[in-house]
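First comes the structure, then the notes that go with it.
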């Protein structure tokens, strides 16, 4: 459940046609255009909330992505859609503070070295299994929607694209990368489980 207090402020542009409640209903019905409209209406609010924290560009993008991801995870449980602006601002601030806390811990983490390194060598049987798994994974990725397929291929490679470039090529608003990626990975995980290749298999 998304907690939205009475102190939160509604943030809906004057040119809005559908109410936020209507948009959430459409999101629940699987309408991607409704999600794009939410991003359009509230994207500037999220970015301006993150800006005063003066995070590095990558961290600022992560804070915005995680804000949208939190909303995507809870979209079907929103009780007070008219207070969405306040909820997004609060969530964005919390994500910024989380990133700042992690940044303070980072120097200590880099001083820690693993005591052992796994042996990278594998036998022919394992290589055959890995090759089969890779072929199946590629096939399942090909079955995703064009946007999801393009996004995963750009983000999960040895040389991943920046979020800005990935958004431009995939035709996704910058704030929509996190939710789109989450939906794609969830669908991919479900399909891997169907093929008994997922972590739960």
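A few notes on this one:
- Residues 161, 96, sorted so that the one with the fewest Cβ neighbours within 10 Å comes first: 161, 96
- Cα→Cβ-extended label distance, 7 Å offset, between residue 143 and residue 53, nm: 3.8
- Label sites at residue 40 and residue 165, each approximated as a point 7 angstrom past Cα along Cα to Cβ, lie 2.8 nm apart.
- If the chain linking residue 18 and residue 103 were pulled fully straight, counting 0.36 nm for each residue of separation and taking away their Cα-Cα distance, it would gain 26.6 nm.
- Ellipsoid fit via the Cα gyration tensor, the range 20-110: semi-axes of 28, 13, 11 Å, each the root of five times an eigenvalue, largest first.
- By other beta-carbon atoms within 10 Å, ranking 141, 169, 38 with the fewest at the front produces 169, 141, 38.
Laboratory data are not the source of any read-out in this text; all were calculated from the coordinates shown. Bear in mind that the values here come from a model prediction, so they are computed numbers and not experimental data. Heads up, the Cβs are rebuilt from the backbone with ideal geometry, glycines too, and the neighbour counts pull from every protein chain shown.
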